[in-house]
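A.B. asks: One structure coming up, written as structure tokens, with questions to follow.
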Amino acid sequence: MLLSLAIIFLLGFSAAAIFEKIGLPRIIGMLGVGIIISPYVLDMLDSSILGISSELRQIALIIILIKAGLSLNLSDLKKVGRPAVLMSFVPACLEIVGYTLFAPFLLDVSRIEAAVMGAVLSAVSPAVVVPRMVKLIEEKRGTEKSIPQMILAGASCDDVFVIVLFSTFVTMAQGGSAKGVDFLNIPISIILGVLLGTVAGISLYLLFESAYLHNHKIRNSTKAIIILGTAFLLMSVETLVKPYVAISGLLAVVAMACVIKLKSDKSVSSRLSEKYGKLWIGAEVVLFVLVGAAVDVRYTLAAGVPALLMIFIALAFRAVGVILCLLGTKMTIKERLFCIIAYLPKATVQAAIGSIPLSLGLPCGKTVLSVAVLAILITAPLGAIGIDRTSYRILEKEKS
């Protein structure tokens, strides 16, 4: 395991530095390393690392979501309002519609199998989008119109919506039927996630304040570890109560961090955010190298031109969804274009659930995995490059 970790960190950092030097996003180098050292190419990773790969990726995602919560200004988010809510489900819905309409003709699958494929492919990648939006918020770029805050919030909710739909469509594809309660789980999951995170955030704030008042000062490094441990607990609660009620652990984590920022002194929340920024340096490498390692490149060859065409048709549907969400806002055409670009990347969710239809024995399993792999390889670099290259040209820096 130690050798595998050495390979992940050393090769991952080296590739990231090389790609950054030539003006390309670091993520491309890290994904590339992951693909090369994966079991499907050079097979350089220990089975013990691969066995806990999903947990390690989740830890890395939790770290950046805590940083996102500590950077998010709720008053800015309130200014956005309706578009932020719509961005959490409208683009994904239209992308699923795109797959449902065109996949049966292009990829020879049934309508319900096309819906399963759409649910796998329609989730935006928080791992690619969130760190970039956090950076823009910290640089106060586009924040006057709350553009990065809106995209950050929408991308966090988008995954919850899509994963619930995926579970429902898979049940239908296996011969079951969809129940109304399955769709009701979407708002329940979001509301309970936010409530749980709020309670956790207030509890931690009171703990830190109580310790301070009683002359037991807790160092910021210790606070960061306590917050991280609580975040793990919130994610565990999601798993524990899953048979009874739906709760979004990821939203609970973001809500907890938001409440801590809201209640704490500005200097405390900024120092905590700085701590998580340092943690993210290592977590980012682990996340993207392991996402790359989960990609079975053998399936890209099987996908072919029809799959490529299907991905771009679905992205066009997604772009229409983003445009609909932004109707009535004061954003310029260029700013709307930036929002479309920011909503392109696929990676984390597709790497996590892309192989499930195949493991369940669904006839569309191999096709779904092939398209998912191709989508990661195309949209993750495309979205990352697009965000990095356009954000400084399109988004204006907030005047202080």
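A.B. asks: Taking only Cα atoms, what is the 0 to 90° angle, nearest 10, from helix 147-173's long axis to the longest principal axis of the chain?
C.D. replies: Value to nearest ten degrees: 40.
A.B. asks: Another question, if that's okay. Once phi is turned into θ = phi - 60°, what whole-Hz ³J(HN,Hα) does the Karplus curve with 6.51, -1.76 and 1.60 give for every residue of the range 236-243, x standing for Gly and Pro?
C.D. replies: Running phi through 6.51 cos²θ - 1.76 cosθ + 1.60 with θ = phi - 60° gives 5, 4, 4, 5, 5, 9, 3, x Hz.
A.B. asks: State the dimensionless ratio Rg/Rh of the chain (Rg: radius of gyration of Cα atoms; Rh: Kirkwood radius).
C.D. replies: We get a ratio of 0.96 for the chain.
A.B. asks: Which angle between 0 and 90 degrees, to the nearest 10, do you get for helix 180-213 versus the longest principal axis of the chain when only C-alpha atoms count?
C.D. replies: Helix 180-213 sits at roughly 20 degrees to that axis.
A.B. asks: Could you give the alpha-carbon Rg of the range 218-323 over 2.2 N^0.38 Å, rounded to two decimals?
C.D. replies: Relative to the 2.2 N^0.38 Å estimate, the range 218-323 comes out at 1.53.
A.B. asks: Compute the helix-to-body angle for 2-21: its Cα long axis versus the longest principal axis of the chain, expressed 0 to 90° and rounded to tens.
C.D. replies: Taking the Cα atoms of the chain, the angle to 2-21 is about 90 degrees.
A.B. asks: Can you work out the accessible area per residue across the range 220-312, with the rest of the protein chains kept in place, probe 1.4 Å, in square angstrom?
C.D. replies: It amounts to 45 Å² per residue over the range 220-312.
A.B. asks: So what's the back-of-envelope 222 nm ellipticity for the chain, counting only DSSP H runs of four-plus at -39500 (n - 2.57) apiece and dividing by all residues, rounded to 500?
C.D. replies: Rounded to the nearest 500, it is -26000 deg cm²/dmol.
A.B. asks: Can I ask one more? Over the chain, with a Gaussian network built from C-alpha contacts below 10 Å, which listed residue (LEU192, LEU287, LEU61) shows the highest mean-square fluctuation?
C.D. replies: LEU192
A.B. asks: Using the alpha-carbon centroid of each, what span in Å lies between the range 304-375 and the range 238-293?
C.D. replies: 24 Å
A.B. asks: Give the Debye-formula value of log10 I(q)/I(0) at each listed q (0.17, 0.19, 0.22 Å⁻¹), with one equal scatterer per alpha carbon of the range 84-209, two decimals each.
C.D. replies: -0.96, -1.08, -1.23
A.B. asks: Determine the sum of side-chain charges near ILE22: Lys and Arg each +1, Asp and Glu each -1, restricted to other residues whose C-beta is under 14 angstrom from that of ILE22.
C.D. replies: Net local charge, ILE22 excluded: +1.
The values are calculated or read from the model by the stated rules, or taken from the named source; none is laboratory data. On a predicted model such as this, the values are computed, not experimentally measured, just so you know. So basically every Cβ, Gly included, is an ideal-geometry build from the backbone, and we count neighbours across all protein chains shown. Only protein heavy atoms, including side chains, enter the accessible area calculation; ligands, DNA and RNA are left aside. Shrake-Rupley method; radii C 1.70, N 1.55, O 1.52, S 1.80 Å.
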